[in-house]
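The values are calculated or read from the model by the stated rules, or taken from the named source; none is laboratory data. Model, not experiment: these values are computed from the prediction. Ideal geometry is used to build each Cβ from the backbone, glycine not excepted, and the neighbour counts take in all protein chains shown. These accessible areas exclude ligands, DNA and RNA; they are computed on the full protein's heavy atoms, side chains included. Shrake-Rupley method; radii C 1.70, N 1.55, O 1.52, S 1.80 Å.
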Amino acid sequence: MKSTSYFNETHELARDTCRQFVKKHILPHIADWEEQESFPREIYQLAGEAGILGTGFPEALGGHGENDIFLKIACSEELMRSTSGGLVASLGSLDIALPPIVQWGSKALKERVAPEVISGQKIAALAITEPSGGSDVASLKTRAVKKGDHYLVSGSKTFITSGTRADYYTVAVRTGGEGHKGVSLLLIEKGSAGFSVGKKLKKMGWWASDTAELFFDNCEVPCCNLIGPENAGFLAIMTNFMKERLSLSIMAYMTAQMALEEALQYAQDRSAFGRPVSKFQVTRHKLVDMATEVEIAREYTYRVAQLMQAGKNPIKEVSMAKNFATNVAEKVTREAVQIFGGMGYMRETTVERLYRDAKILSIGGGTTEIMKELIAKQMRL
Amino acid sequence: MKVLVAVKRVIDYNVKVRVKPDNTGVDLTNVKMAMNPFCEIAVEEAVRLKEKGVATEIVVVSIGPKAAQEQIRTALALGADRGIHVETDEEIQSLAAAKLLKAVVDKEQPSLVILGKQSIDNDNNQTGQMLAALAGYPQGTFASEVSVDGDKVKVTREIDGGLMTVSLNLPAIVTTDLRLNEPRYASLPNIMKAKKKPLESTTPADLGVDVTPRLTTLKVEAPAQRQAGIKVADVAELVDKLKNEAKVI
C-alpha cells in the first residue's frame, strides 16, 4: 500500500500500542514526574508487560523483533511522545546496557540477567564515562584486578543514566595495559561489596531521568560476570555506540518534531496586532524552515537505519545523522520557545522542557566534536 | 463456546474529518483509519470471556476493502483466534452488512455474536438489530454488562432513565455500549504472534449476498459553525432571554 514507507503493518500496530501506553500510563503524570525528577518504578514493569522493553532482543530471552530496526524506531518515536526525553532515556537504559551482554556475554550470564530486565522487573544501566573523561574511552581509569575467581574493581563512573536505581551495571573497566586494548566490560550488581551510588545529579534537562555517580572501592565482582573476552571490551563499546547514536538521532528529531507541532498550534491560536502570529511572514517562514529541517533530519535517520537494517556498518552516516538531528533539535526548540514568547519560558509549556532536553543530545553517546572526528576519519582526512 | 465478533474499519476517532468539496461524502485520502471504538469494546469483551474460560474460540469478522485486514490483525493481536475477511470495495450499508454477517453466522454457528452498537462513521446503530432479526436470535443491545450462565446470557442494557437487564437464550446477539469495558492495547509479542494466526478471505458473492445499496446519499455537509455567544448585563436579562427568546424555561 505505502510502498515508499519504511514501516510495515506490524510496525504500525506496535506504534499504536506504544502510543496507547504513553497516553494511558505516562502523559497524565509526566509534568509531575518531571518536577519530582523521577517516575514510578512500576512503569518499567508495565512497559515490560506490554513488550515495549523487549523490542529488538532475542525471543529466547523474552524479547521480540530482533534485528527489526524500524520496529524499534516506531516504538521509540511513540515513547518520545511522552514529551520527556528523561523518562525515555531511563526507561530505555536497557537498550545500551543489555546489548553487550546479549551479544558477548556467556549463556549463563545473559539467561540470568536479560529476561528480568526485559520484563521490567530489574533495571540495567551502562557505565562508561568517568569523572576524568567521557569521550576518550581508551583512557578510562577504573581498574579491575583479577584475584582468584573474582575481580577487584576500583574507580568511579559518572553521568550514569538509571544510575541511582539500576540493579545491573554494564561497566567499562581496565583489565590490561594502557589504551583501548586494556579495556573490558564487567557486569556489576547492585549491593556488591565495595560498590556505592552517589546522590542523584541535578541536571539542565532530562529531569525525570535518574543520573548518578558510581563508586567502586575494591568492589568484588565474580569472574563469570565478565562480558566477552578480557581486554576485548573496546570493540563491544564501540559497536554499542552505533545503536545508541541512532537512538539519539531519533530522540533529536522527535524533540524537534514535537516543538514544531507545539509552535504551529500556538502560532495559529495566538493573535498579535490583529491577526494570528502565523500570518506574519517572518513567523510563517520560520515555521517552514523548522518543518523542512525536521523532515530532513528524520528522513536521513531513516536512511541510516535502512543501511543498518541491511547489515552495513554506516559509522560515518550515523555520526552525520546524529550531528544533523541534534543540531536541528537545538535550533527548532529554540525557535519554538521564541514563537511562544514569554509563555515559552514558563515551565507549564512543553516547549520549555523540549528546549532544555535538546541540549544533552549533542553531548551524550559521543559529542558533536567526537562525531566529526569519526566522520573525518571515514573521509580519510 | 464459540464467539463471533464483528469489527469495522473506520476513520480514527482522533481525526478531524473533512467533507469532500462536492458534498458526496467524507474525504478519506491520507486519513488514519482504525478499528471502530465500539468494536474494540466488543473484542475486549470476547477476550475477557475467553480469559474467564467461558469462550473457547473467538472468530473475528470484518467486511470491507483489502486494508480492513489491518483491523482483523489488530483483533487477533488483542486475543482473537482467527479472522474472516469479507472483501469488498462496495459501499456496505447496514442491511447488507447484516446479511453478510448472517451468512457468516450460518457457517460458523457461534453461540454468541458481539458487535459494536454502532460505528462512528455513519452512526446508524442498525446492524446488530438487523442481524438478530435475520438470524432469528434474541438480542441484547447497548450492553454495559454481559454475563454468560449456562445456555443463557444476561445483558444489562443502558436505556433512557436507567438500566434494563435481559436474559437471552443462546445463541444470541449482543451489541456493546461505551461503558461495557475499557479495551486493552495489544502487547508487542502478541502482535508478532497475530501474524501467524489464520485469516480466511471470502467475498459477498461467495456468501451469496447482494450488497447493492438500498439508500442513496443525497448530500453530506459539515455541521454549521457555532455562532458567537452574547453577554448579558444581569441575571434578570438572562432569565428574560431564556424565557422569551430561547424559550427553555
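Yes or no: B:Lys241 within 14 Å of another protein chain (Cβ to nearest Cβ) and modelled with pLDDT under 95?
On the way: within 14 Å of another protein chain (Cβ to nearest Cβ): no; modelled with pLDDT under 95: yes.
The answer is no for B:Lys241.
Residues that are over 27 Å from A:Ser362 (Cβ atoms) and open to solvent by 60 Å² or more (accessible area, probe 1.4 Å): does region A:63-79 have at least one? Yes, some residue in region A:63-79 is over 27 Å from A:Ser362 (Cβ atoms) and open to solvent by 60 Å² or more (accessible area, probe 1.4 Å).
Condition (residue is free of Cβ contacts under 8 Å to residues at least 24 places away in the same chain and not assigned by TED's automatic domain parsing to the domain that holds A:Gly311) applied to region A:179-197: is it met by at least one residue? Within region A:179-197, one or more residues are free of Cβ contacts under 8 Å to residues at least 24 places away in the same chain and not assigned by TED's automatic domain parsing to the domain that holds A:Gly311. Within region A:185-206, which residues are open to solvent by 20 Å² or more (accessible area, probe 1.4 Å) and outside any loop (DSSP other than H, G, I, E, B)? A:Glu189, A:Phe195, A:Ser196, A:Val197 - these are the residues of region A:185-206 that are open to solvent by 20 Å² or more (accessible area, probe 1.4 Å) and outside any loop (DSSP other than H, G, I, E, B).
Of all the residues in region A:207-216, those that are open to solvent by less than 30 Å² (accessible area, probe 1.4 Å) and within 24 Å of the chain's Cα centre (by Cα) number 6. Within region B:168-181, if we keep just the residues that are within 21 Å of B:Glu44 (Cα to Cα) and open to solvent by 30 Å² or more (accessible area, probe 1.4 Å), the residue that is nearest to the chain's Cα centre (by Cα) turns out to be B:Leu178.
Take the conditions (1) closer than 25 Å to A:Ile188 by Cα; (2) of a type outside the set (Ser, Thr, Tyr); (3) away from chain B (no Cβ under 14 Å); A:Ile118 misses just one of them, which is (3). For A:Val113, the test of being at pLDDT 95 or above, under 29 Å from A:Ala208 (Cα atoms), more than 15 Å from the chain's Cα centre (by Cα) and open to solvent by less than 50 Å² (accessible area, probe 1.4 Å) is passed.
Condition test on A:Asn313, is it outside the structural domain of A:Phe70 (by TED's automatic domain parsing), open to solvent by 50 Å² or more (accessible area, probe 1.4 Å) and touching a residue at least 24 places away in the same chain (Cβ under 8 Å)? Taking the combined requirement at face value, the residue satisfies it.
The residue list A:Ala108, A:Ala127 contains one member that is closer than 22 Å to A:Asn231 by Cβ, more than 14 Å from chain B (Cβ to nearest Cβ), at pLDDT 95 or above and surrounded by fewer than 22 Cβ atoms within 10 Å (Cβ to Cβ), which is A:Ala108.
Evaluation of A:Ser82 against the conditions (1) of a type outside the set (Val, Ile, Thr); (2) in a loop (DSSP other than H, G, I, E, B); (3) open to solvent by 40 Å² or more (accessible area, probe 1.4 Å) shows that the sole unmet condition is (3).
A search for C-beta distances below 7 Å between a residue of region A:326-337 that is at pLDDT 95 or above and any residue that is of a type in the set (Val, Ile, Thr), counting only pairs 6+ apart in sequence or on different chains, returns A:Thr326/A:Thr368; A:Val328/A:Val294; A:Ala329/A:Thr255; A:Val332/A:Val294; A:Thr333/A:Thr255; A:Thr333/A:Val351; A:Ala336/A:Val351; A:Val337/A:Val351. If we keep just the residues of region A:217-240 that are open to solvent by less than 10 Å² (accessible area, probe 1.4 Å) and not aliphatic (A, V, I, L, M), which is farthest from A:Lys110 (Cα to Cα)? Only one residue fits best here, namely A:Cys219.
In this structure, A:Leu87 does not satisfy being in a helix (DSSP H, G or I), within 29 Å of A:Met258 (Cβ to Cβ), hydrophobic (A, V, I, L, M, F, W, C) and open to solvent by 10 Å² or more (accessible area, probe 1.4 Å).
Quick grid of which residues meet (1) touching a Ser or Thr at 6+ places or on another chain (Cβ under 6 Å); (2) open to solvent by 30 Å² or more (accessible area, probe 1.4 Å):
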| position | (1), (2) |
| --- | --- |
| A:Leu307 | no, yes |
| A:Ala329 | yes, no |
| A:Arg334 | no, yes |
| A:Tyr345 | no, yes |
| A:Glu348 | no, yes |
| A:Tyr355 | yes, yes |
| A:Ile360 | no, yes |
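Looking only at residues of region A:48-79 that are in a loop (DSSP other than H, G, I, E, B) and more than 10 Å from every other protein chain (Cβ to nearest Cβ), we find that the one that is nearest to A:Ala329 (Cα to Cα) is A:Gly56. Identify the residue in region B:131-154 that is part of a strand (DSSP E or B) and more than 23 Å from B:Val104 (Cα to Cα) and, among all such residues, is least open to solvent (accessible area, probe 1.4 Å). Residue satisfying both the conditions and the ranking: B:Ser144. Scanning region A:19-36 for residues that are within 13 Å of another protein chain (Cβ to nearest Cβ), open to solvent by 30 Å² or more (accessible area, probe 1.4 Å) and in contact (Cβ under 8 Å) with a residue 60 or more places away in the chain gives a single hit, A:Arg19.
When A:Thr326 is tested against (1) assigned to a helix (DSSP H, G or I); (2) over 19 Å from the mean Cα position of the chain (by Cα), only condition (2) is not met. Against the list (1) at pLDDT below 95; (2) within 13 Å of the chain's Cα centre (by Cα), the condition B:Phe142 fails is (1).
All conditions in (1) buried (at least 16 other Cβ atoms within 10 Å of the Cβ); (2) away from chain B (no Cβ under 14 Å); (3) without any contact (Cβ under 8 Å) to a residue 40 or more places away in the chain; (4) of a type outside the set (Val, Ile, Thr) hold for A:Phe39, with the sole exception of (3). Please determine whether any residue of region A:291-305 is hydrophobic (A, V, I, L, M, F, W, C), open to solvent by 40 Å² or more (accessible area, probe 1.4 Å), out of contact with any Pro (no Cβ under 8 Å at 6 or more places or on another chain) and part of a helix (DSSP H, G or I). Yes, region A:291-305 contains at least one residue that is hydrophobic (A, V, I, L, M, F, W, C), open to solvent by 40 Å² or more (accessible area, probe 1.4 Å), out of contact with any Pro (no Cβ under 8 Å at 6 or more places or on another chain) and part of a helix (DSSP H, G or I).
Within region B:28-130, considering only helices (runs of 4 or more DSSP H) that don't extend past its boundaries, which have at least 3 residues that are farther than 14 Å from B:Lys8 by Cβ and within 14 Å of chain A (Cβ to nearest Cβ)?
Answer list for region B:28-130: B:69-78.
State which residue is nearest to the other protein chains (Cβ to nearest Cβ) when the search covers only region A:8-18 and only residues that are open to solvent by 60 Å² or more (accessible area, probe 1.4 Å) and touching a residue at least 40 places away in the same chain (Cβ under 8 Å). Full working, then the answer.
Applying the first criterion (open to solvent by 60 Å² or more (accessible area, probe 1.4 Å)) to region A:8-18 yields A:8-9, A:12.
Filter once more, keeping what is touching a residue at least 40 places away in the same chain (Cβ under 8 Å): A:8, A:12.
Numbers: A:Asn8: 10, A:Glu12: 8 Å.
Result: A:Glu12.
Please give the number of the condition A:Gln45 fails out of (1) in a helix (DSSP H, G or I); (2) within 14 Å of another protein chain (Cβ to nearest Cβ); (3) touching a helix residue (DSSP H, G or I) at 6+ places or on another chain (Cβ under 9 Å). It is condition (3) that A:Gln45 fails.
Is one or more of the residues making up region B:197-206 part of a loop (DSSP other than H, G, I, E, B), closer than 30 Å to A:Ser119 by Cα and either within 14 Å of chain A (Cβ to nearest Cβ) or open to solvent by less than 80 Å² (accessible area, probe 1.4 Å) (or both)?
For region B:197-206, residues part of a loop (DSSP other than H, G, I, E, B), closer than 30 Å to A:Ser119 by Cα and either within 14 Å of chain A (Cβ to nearest Cβ) or open to solvent by less than 80 Å² (accessible area, probe 1.4 Å) (or both): present.
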